[in-house]
1. Could you work out how far the C-alpha centroid of the stretch 158-209 sits from that of the stretch 73-130, in angstrom?
2. Let me check I have the definition right: for the stretch 142-241, take the eigenvalues of the Cα gyration tensor, multiply each by 5, take square roots. What are those semi-axes in whole Å, largest first?
3. How big is the stretch 59-159 by Rg and Dmax over its Cα atoms, in Å?
4. What do you get for Rg/Rh over the stretch 88-146 if you use C-alpha atoms and the Kirkwood form of Rh?
5. I need the phi-derived Karplus couplings for the stretch 203-211: 6.51 cos²θ - 1.76 cosθ + 1.60, θ = phi - 60°, integer Hz, Gly and Pro marked x.
6. Skipping prolines and chain starts, which residues have an amide H placed within reach, meaning under 5 Å, of the one on LEU204, given they are 5 or more residues away or on another chain?
7. Longer than 19 Å from Cα to Cα, which of LYS57/LYS236; LYS201/LYS236; LYS86/LYS113; LYS136/LYS157 are they? Say none if no pair is.
Amino acid sequence: MRRPAGMSKIVLFIVAVAAVAAFAWGAGAQGHDAPHAGGAVLCSASPDATPPYQARKFPLEGKLDGISDRALQVHRDVLYAGYVKKLREIAEKLEKADRSAAAASYSDYRELKVEESFALDGVVLHEMYFENLGGKGSAPQAATLTLIERDFGSYEKWREDFLACGKAARGWVLLARADYDGKLHNFLLDAHNSLVPMGAKPLLVLDVYEHAYFIDYGADRAAYLDAFFRNIDWHKVEERAGKR
Ligand SMILES: [Fe+2]
């Protein structure tokens, strides 16, 4: 049966609209499913943010008191950068992992998920640590000091407790605000993904793995803790304290 000319134009218009809509949906879906593929990430990130799976720079050479450039470079360029690389590798393997063989006793899928948390936390904690270095370590700024005095009684009491955590921890120390009670706490972690407090937002991060200080201080962790305090960037801590 012959279709009227007007009807053909309408059909063509509907087909064209459907094609454009399908293309747009497909592009959006691709971006959503592949959040690290450039465009989708940059939509929500600040223009100068480093995309995921790329090590950030942290140019702290010559700026630290008591933490040598050599120790910084090994820590940042070998260890931290290594975690970024491993996190990317794990993400790629998870895309193709055999979920049908997942098992709690042992399975490739389980191992990938365990190491994903180790690598991810290793990246995030190191980035926060390097971010809060590079200052003069003078004193907490107004908002931070108010919170510290409210929840610890005084700066001195907080510092005493933070240093005790620094001696007792096997991996990290956090000054963090817990969602549970809204208060600041000092927490210690024995590994990147061990003893991580749920719902706590770190304000200050201290790395006490031996790799953080052995080059400069050998086994003298106390000397490294002193050096850490001399290099705290309290502006960064204040910025974190202002965020909810
Ligand atoms: Fe480290």
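1. The stretch 158-209 and the stretch 73-130 have Cα centres spaced 21 Å from each other.
2. 22, 16, 11
3. 19.6, 55
4. So for the stretch 88-146, dividing Rg by the Kirkwood Rh gives 1.30.
5. 9, 9, 10, 10, 8, 10, 4, 4, 4
6. LEU175
7. The pairs that break the limit, which is 19 Å between Cα atoms, are LYS136/LYS157.
Rule-based calculations on the coordinates, nothing more; no lab input. Keep in mind that what you see is a predicted model, and the values were worked out from it rather than measured.
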